[in-house]
Structures are given as C-alpha cells and as structure tokens.
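The values are calculated or read from the model by the stated rules, or taken from the named source; none is laboratory data. Just so it is clear, the structure is predicted and the values come from calculations on it, not from any experiment. Note: ideal-geometry Cβ built from the backbone for every residue, glycine included; neighbour counts use all protein chains shown.
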Amino acid sequence: MTFFHFGNCVALSYVPYVIVYKCSGLAEYSAFWKCVQAGGAYLFTQLCKMLLLATFFPESAAAAGGLDVTGEFLKCTVDLADLLGLHIVMSKFAGKGQLKFMIAGMGWATAELVMTRVVPLWVGARGVEFDWKYIQMSLDSNVSLIHHISTAMLVWLYGRSDLQKSLVPVVLLLLGLACYRPLIVEILIHAVGLGSWMLLMAKAAFTSCVAMVALQMYLGIPSQLVNSHY
Amino acid sequence: MWFSEAGEIVEMFRSSFPLSFLFFVPIIILISPVSPVYAAQEFNVYRMQQFDLQGSSYGCKNSLVNMEARPIDAKMLTRRCVVARLRDVTMPKFRDLLTQNAGALLVILPENLSDLSSEEREHLQSLERDLMAEETTLPVYFAPETPELQEIYEDLVHGASGDTAATAWEALLSSATANGFQMVVSGAQSKALPEFQITNIQGRLSGHGIEEQLPTIVITAHYDATGVAPGLAFGADSNGSGVVALLELARLFSKLYTNSRTHAKYNLVFLLSGGGKFNYQGTKRWIEENMESTDSNLLSDVAYVLCLDSLGAGSSLHLHVSKPPREDSDGGILLKNLETAAKSQNPPVEFSLQHKKINLADEMLAWEHERFSIKRLLAFTVSHLSSPKSLDRTTILDTRDRVKPEWLSTNIRVVAEALARHIYNLTSQGDFTLFTDAVATQEEAETAWLEFLTAQPRATQLLPPESLFLSMLETTLSRYLKDVRRHTFKADKRDPEFVFYTGAVYPMNAFNVKPAVFDLFLAAGIAAYLAVLYLAATNFHLVYSGLRKVMASSSPKVKSN
C-alpha cells in the first residue's frame, strides 16, 4: 500500500509500548538504559538458543503443511532458555520487585519487536498489495508485550521466597503455558482451523487470562500489600 | 568548526519535533526501496499484434500498464485499466475508451475458444478485424479466463457499484470497503526488431532424365499463423493444415521417386514460406531471388505452382485462380484431374473453380498464388475456403479443434491423386485410386503433425530462424527431399517492408489495493484504539484496587499470614 499505511502499522505496534513505558512508572525511574540492557540480554539469549537448535535439533523432514508436534515441542523446550535469560536479567538489576520485572519484560518485548517486526512491516506494508496481515502483526505485537511482561512477572514470582507454597505449582503451570504458547497456537491452527482474526483474538484472550492470574498472585505477596504505592 | 556546526544541526532537530519530522519523513520515503512485487495474482496476458507493413503501422504501440482496474461500464475510465469480458467489447465501446483516454484494455476471453456460439465467433472475428485495421496507442491485452481472473472481474464489477450510491456517505463507505486492483505489466517497452529474419525452407525431388530439361512443379504452403494476439495465433487450419498437406505430399512423392518405375518426368520443388500472413513476404522474396539469380534454374521452366492454404476445416475443395487456365495447358489438365479425383472419393468431395482477378490496388494480396501470377507464372491455390475474404484465416479461433483429421486427410488425398495423375499422364485412365497400400496417406501421422504445429503459437514474429519449430520442419523435409535449404532474409534497412516488435506474452500482476479513504478510516480506528489503551494504562490502579478487593473478600487469611 502506501507509506501512510506503513505509518499506521508502526503506530499501532509501537505506540502501546511507549504508553506502557510512560505510564508504568519506568519513565520516572529513568530505566531506559536498563531496558536497553535487557534487550541486549534478549539478543544474547536468542543467539544461544539458535546455537542450541542448530546443534542439537536437525531439520526434521516433516511433510510440508503437516504438523510436526514432537519437533515443535522440542523447539519450544529450547524456549525455556528465555525464562532463564529473564531470570538472570532480573537478578542483575537492583531495584524494587515491580520495577525489576517491568524493566525485564519491557526490554525483552521491545527487543523482540525491533528484531522481528520492523523488517516485515517495512518490506510488506509498503508493497502495492494490501493485506490485513500487517495490521494483525501489529496487534499481535501488542499481545506479546503483555505476554512478556507477565512472563517476567511469573519468573520473578517463582524466585520469591515469600510466595505461598500452594501457589508454586500454579506459577510453574503458567510458566509452562507461556513457554509452550507457540505450540498451543500451532495445534489450534491445525485442529480448529482458526482464521487469522480468530487466532489473534484467542491469543489475546489466552494471554490476558495468564496475565490476570499472574497479577493476582503478585498482589497476593505480602510485601506488595504493605508498600504498594497506590 | 566542522563539528560545532554539525552539533548545531543536531540541536536544531532536537529542539523542534515538527521540523525533524518534516525533514526525516521525505528522506525515509526517498530512500525506501521501490515497492517490491508481492502479487497475490499473476497470470499471462497476450498482447495485441504490433507490426509495420508496407509503410503503415498496425496494432497497439504500447505495452506497459500500471493502473487501477475498472470494469468497462464504469463512468471514469481516464488512465484506468479497463477489464472486460469479450462479449462486452464492441467497436463503438472501444472508440469510446480511446476518446475517454483509457490507460489499457484487458479482454477476458472465454476459457475454451472452441465452444463459442456462432454469434460469439462472428463477434470475435469482426472485432479482430476492426482492431487490426488501424494503429492505437492503447495497450490491449487478451487473457483466457481463469477462476482467479473471474474473481477479480466480479470484485471489480461489485466495487464499481459504489459510483451509483444514493448518498455521499454511502459512496464513501463503499469506496472504503471496496477491493480495488492495480494491474501491472512491467518490463521493457516493446521495441522494433529491425534485424528480424523471415525463413523459407525449400527442398526438391528431381525428375527422371536430365534435370535441367524437365518441367518443374512448385508446391508451396506458408507455415505461419496470425490473429489479434500473436501469442494466441495457433493457426490450425490456416495454415497448419497446408503444412501438413505439404509434408504428406513430400513423403508420398519421395517414396514414388525413389523407385525407378515410378520416377516421373517432372521436378518437384517444395517450399515452406514464411511471413505468409504479412502479404506473403517470404514467397515474394523467394521468387525474386530465384528469378534474378542466374545460376539457379529453379523457376526457368515451371509447369505450374500449387499453393496449399486451409485444407482442414471444411470438406469441400476450391481451386482459386487469377486467370482461368486453358483446357489444354498444364493448369487445365490439373483442374480436370482435381475434378475427377474429388469425384472418386468416398463420399465425393465437392469441388469448384473460383476465379478472382488480382486487384493491384489492394494493400494485401488475397492468395499466395497471386505472388506467382504477378510474375507471370501459372499458379493456383487449393483451399476449402470459397472466398479470400473469409475471416477464418486471421483469427485466434483457428485452434486445433477446428480441423477435422478426416477432412484434412481426404483433401490431401484429392490433391495427391490429382498431382499424380498429371505427372504420370494418367488423365484419360478413368476412375482409380493410386495412393493405397504402401503409399497410402496416413491419417495418424497427419494428426500428429497437426498436434505438433498447434502446440505453440506460430505468429511470424515468434519464429526466428533459430527456433526449434523451423529446425524441426527442416529436418523432416530433409528426410524426404534432396537439397533442403533455408533461405532467410531481412527487411530493407532504409525502407522496410515489414517491421515486427517484441512482446507477445507478458506476465500481468493484479495487486489487491485499497483506496486512500480506507487508510484514513484505518488511521482513525487506530487512533481510537490507542486512546482507549492510554486511558486503560493511566487508570491501571483501578484494576489493582479492584483485584485487591476481590482478594481481600475471598481470602482474608492472606493478610493474617
């Protein structure tokens, strides 16, 4: 389409990040540099993951179009490295708990956005052909912002000693769900045959559920109840 | 100092956001790569003929298209690519497009050209004739209908209904929801081929005795085809059937001539001429070369020239002459032989003599034999067509299905019988069949040849000397005949009689596009979405306190822990 269309897509994908950054208090702590560091950690983690995948997971000769569940499962297992990376990032930063996972989640999500969305938008949304998929891609990046922040929150929760012991399995379950999300999405596409818009809605609903539960557990931590600034 | 200036510039951009915006956006637009081609639809389109003949130009001059598509009955057609079904394209409509300054025309042909009704055939043929009558700057393309193309067309017709909406708001809405298409044919503009060579292929069978003293019979057929689009000109009947007949005659007589008892006292010369659809350019040059050159005695003692044109799509036969032959001349004898041979077929083939004087005022000669008749050589054309004005010889409808192998085979047999009766002097021998058993005509072989000839478009400009098709013809002729030679020629540099142009088949891309209004709507929607998001983010503490209330009420134990 036109340059205007590209502008639309960019606004749709980036402005929510700016809004979250400004409104979550990160701006007041001038955490910009730390976010960039978290983004660097994201890059490093992806590099390690790629090395791992290239070394230990040879290209499976699955039929094109078919669903290779085991292969996908193994690939998602490698994504556990993301959680590790998030954990390391958070353990390196000093600061309040809330700030820690916000910085890690923001940096992580922004780095992913820059790495995976800019080029497709630049090349695709400016082509002559109009396609809804670039708008969907932009909306999807909004969903993944929530996803990354809630994942970071869960990782942080898991590392807390004052988390109720009964909640640990819930946290682990949610972490697992977050980690294997691509696999679940793949299965959904093949099994239910969701259209691209429905798939996006399903992703948004799924992610917001995980986020709500994580938020509730976060609020359940005693220290948060005492020194919340709201 | 250099650095401090740079620093000032940076400072300038930092202080003023609108300025930097105005500065950078054009740069980004400028450096952005040319829009990459990611088309949802790509299909082949066949461009209309373009050629210059005898000083005047015909066909469409342009080839490039990059325009929005519109159906033919839309109101605004200026600088648009008009997409229309064949039945909607008429000559008045076409003139209307020209006056409205339309950008291009894409005609969707029915998927199967062979099951058109006779009215539709007539419509297409007269359209072809009228389109080719003059030169136009409008790029005209033809494409056979495919499901994708049909979808595009229906989308277009549906989208154009917005022009007739009742209110301005409805029109705005329908234009925002409509699916537009940008049709793109890119690549190089069609350009002239001044070096293009037309090829004739000739071969001969020498008669029994001293070759120089024997009379010669020339059998010729032009091998090219034409139609409104060169890429669609398969020319099964005209003149694929003539070529098949010539090859079959070459095969039969080569068999007869190798046996000393059936070695006749006539030289046979076979000629496959090129450029036949362009006023028989190949024949013309061939005659000139052979008449002028002193060492060639090919045309010194010619009994007659027999041209084969369109023999497969009708069961009757007509002998076209420029001057009725005297009864005792070679021509008269052949005429009589043809009559007897036609009668002796089962069922008898209808045969007649058609006399038409050469009209030198005409731009185009009617038949190939007129090229020879002008040079005072006795010549005639055998064809199933009764009139040279028939449009069947210059149409893209002339496909393989039009030719019936039985008819073709019978017609070939008639011609072969008549020729044999003449050269073996069997005119007064009464009723008998000569070509049976070992020297029978082979219908399967003829059909196979016809399949080969119609497997690719045979417009003259698509058959350069190095083409596989011509080498195939040459090899086949040299299997039967002696002294098979190619004869190629170019148009004169200063005053070319014919000029051909590149570009017969192009890939066309149809890009799905939305109108500019749609982008505005989208921008408004995105702005609203972001505003909602902003409100939600600034009021996130409400969610906090809400959740906290829920937790406090459901599990009061948490606090006590």
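So B:Phe181 ticks every box in (1) away from every other protein chain (no Cβ under 14 Å); (2) in contact with an Asp or Glu (Cβ under 8 Å, 6 or more places away or on another chain); (3) farther than 30 Å from B:Ala420 by Cβ but one. Which box is left unticked?
In the conditions (1) away from every other protein chain (no Cβ under 14 Å); (2) in contact with an Asp or Glu (Cβ under 8 Å, 6 or more places away or on another chain); (3) farther than 30 Å from B:Ala420 by Cβ, B:Phe181 misses (1) alone.
Quick one: would you say B:Phe196 is touching a helix residue (DSSP H, G or I) at 6+ places or on another chain (Cβ under 9 Å), within 14 Å of chain A (Cβ to nearest Cβ) and touching a residue at least 40 places away in the same chain (Cβ under 8 Å)?
no
If B:Arg485 satisfies all but one of (1) surrounded by 14 or more Cβ atoms within 10 Å (Cβ to Cβ); (2) under 25 Å from B:Leu247 (Cβ atoms), what's the number of the condition it fails?
That leaves (1) as the condition not met.
Taking B:Arg402, is it out of contact with any strand residue (DSSP E or B) (no Cβ under 6 Å at 6 or more places or on another chain) and under 30 Å from B:Phe142 (Cβ atoms)?
On the way: out of contact with any strand residue (DSSP E or B) (no Cβ under 6 Å at 6 or more places or on another chain): yes; under 30 Å from B:Phe142 (Cβ atoms): yes.
Yes; evaluated as a whole, the condition is true for this residue.
Scan segment A:32-42 and give yes if some residue there is more than 14 Å from chain B (Cβ to nearest Cβ), part of a helix (DSSP H, G or I), over 30 Å from B:Ala527 (Cβ atoms) and of a type in the set (Gly, Ala, Ser), otherwise no.
Scanning segment A:32-42, I find at least one residue that is more than 14 Å from chain B (Cβ to nearest Cβ), part of a helix (DSSP H, G or I), over 30 Å from B:Ala527 (Cβ atoms) and of a type in the set (Gly, Ala, Ser), so the answer is yes.
Somewhere in segment B:99-115, is a residue assigned to a helix (DSSP H, G or I) and modelled with pLDDT of 90 or more? Step through it out loud before you land on a result.
Taking segment B:99-115 as the starting set, the residues that turn out to be assigned to a helix (DSSP H, G or I) are B:99, B:113-115.
Then keep just the ones that are modelled with pLDDT of 90 or more; that gives B:99.
Within segment B:99-115, one or more residues are assigned to a helix (DSSP H, G or I) and modelled with pLDDT of 90 or more.
Counting only residues that are hydrophobic (A, V, I, L, M, F, W, C) and modelled with pLDDT of 90 or more, give me the strands (runs of 3 or more DSSP E) lying completely in segment B:163-269 with at least 2 of them.
Working: elements: B:180-185, B:197-205, B:216-222.
Once the strands (runs of 3 or more DSSP E) in segment B:163-269 are filtered for at least 2 residues that are hydrophobic (A, V, I, L, M, F, W, C) and modelled with pLDDT of 90 or more, what remains is B:197-205, B:216-222.
Examine segment B:496-512 for a residue that is surrounded by 14 or more Cβ atoms within 10 Å (Cβ to Cβ), within 8 Å of another protein chain (Cβ to nearest Cβ) and not polar (S, T, N, Q), and state whether such a residue exists.
yes
Scan segment A:6-32 residue by residue and report those that are surrounded by 16 or more Cβ atoms within 10 Å (Cβ to Cβ) and of a type in the set (Gly, Ala, Ser). Break it down into steps so the answer makes sense when it comes.
Narrowing segment A:6-32 to residues surrounded by 16 or more Cβ atoms within 10 Å (Cβ to Cβ): A:6-17, A:19-21, A:23-24, A:26, A:31.
Matches in segment A:6-32: A:Gly7, A:Ala11, A:Ser13, A:Ser24, A:Ala31.
Can you give me the number of residues within segment B:439-450 that are touching a residue at least 60 places away in the same chain (Cβ under 8 Å) and not in a helix (DSSP H, G or I)?
First, pick out the residues of segment B:439-450 that are touching a residue at least 60 places away in the same chain (Cβ under 8 Å): B:439, B:441-442, B:445-446, B:449-450.
Those left that are additionally not in a helix (DSSP H, G or I): B:441-442.
Result for segment B:439-450: 2.
What is the number of the single condition among (1) more than 13 Å from every other protein chain (Cβ to nearest Cβ); (2) touching a His at 6+ places or on another chain (Cβ under 7 Å); (3) of a type outside the set (Val, Ile, Thr) that A:Asp82 does not meet?
(2)
Being among the polar types (S, T, N, Q) and without any contact (Cβ under 8 Å) to a residue 40 or more places away in the chain narrows it down to one residue among B:Thr475, B:Thr488; which is it?
Values: B:Thr488 fails: without any contact (Cβ under 8 Å) to a residue 40 or more places away in the chain.
Just one listed residue meets the conditions, B:Thr475.
Only one of (1) more than 14 Å from chain A (Cβ to nearest Cβ); (2) out of contact with any helix residue (DSSP H, G or I) (no Cβ under 6 Å at 6 or more places or on another chain); (3) closer than 30 Å to B:Phe51 by Cβ; (4) surrounded by 14 or more Cβ atoms within 10 Å (Cβ to Cβ) is not met by B:Lys493, so which one is it?
Failing condition for B:Lys493: (4).
Considering only residues of segment B:519-548 that are more than 8 Å from chain A (Cβ to nearest Cβ) and closer than 21 Å to B:Gly180 by Cβ, which is surrounded by the fewest Cβ atoms within 10 Å (Cβ to Cβ)?
Residue satisfying both the conditions and the ranking: B:Ala524.
Out of the helices (runs of 4 or more DSSP H) lying entirely within segment A:110-215, which hold 3 or more residues that are at negative phi, crowded, with 18+ Cβ neighbours inside 10 Å and not charged (D, E, K, R)? Step through it out loud before you land on a result.
Numbers: elements: A:133-158, A:168-179, A:181-191.
By residue number, A:133-158, A:168-179.
Working carefully through the options B:Gln125, B:Gln150, find the one that is surrounded by 17 or more Cβ atoms within 10 Å (Cβ to Cβ) and either in a helix (DSSP H, G or I) or free of Cβ contacts under 8 Å to residues at least 24 places away in the same chain (or both).
Values: B:Gln150 fails: surrounded by 17 or more Cβ atoms within 10 Å (Cβ to Cβ).
Every option except B:Gln125 fails the conditions.
State yes or no: is A:Leu145 at pLDDT 85 or above, within 13 Å of another protein chain (Cβ to nearest Cβ) and closer than 26 Å to A:Lys22 by Cβ? If you could, list the steps in order and put the result at the bottom.
Numbers: at pLDDT 85 or above: yes; within 13 Å of another protein chain (Cβ to nearest Cβ): yes; closer than 26 Å to A:Lys22 by Cβ: yes.
In short, yes.
Are any residues in segment B:301-324 of a type in the set (Ser, Thr, Tyr) and either part of a helix (DSSP H, G or I) or in contact (Cβ under 8 Å) with a residue 60 or more places away in the chain (or both), and if so, which ones?
Step one: list which residues in segment B:301-324 are of a type in the set (Ser, Thr, Tyr), which gives B:304, B:310, B:315-316, B:322.
Within segment B:301-324, B:Tyr304, B:Ser310, B:Ser315, B:Ser316 qualify.
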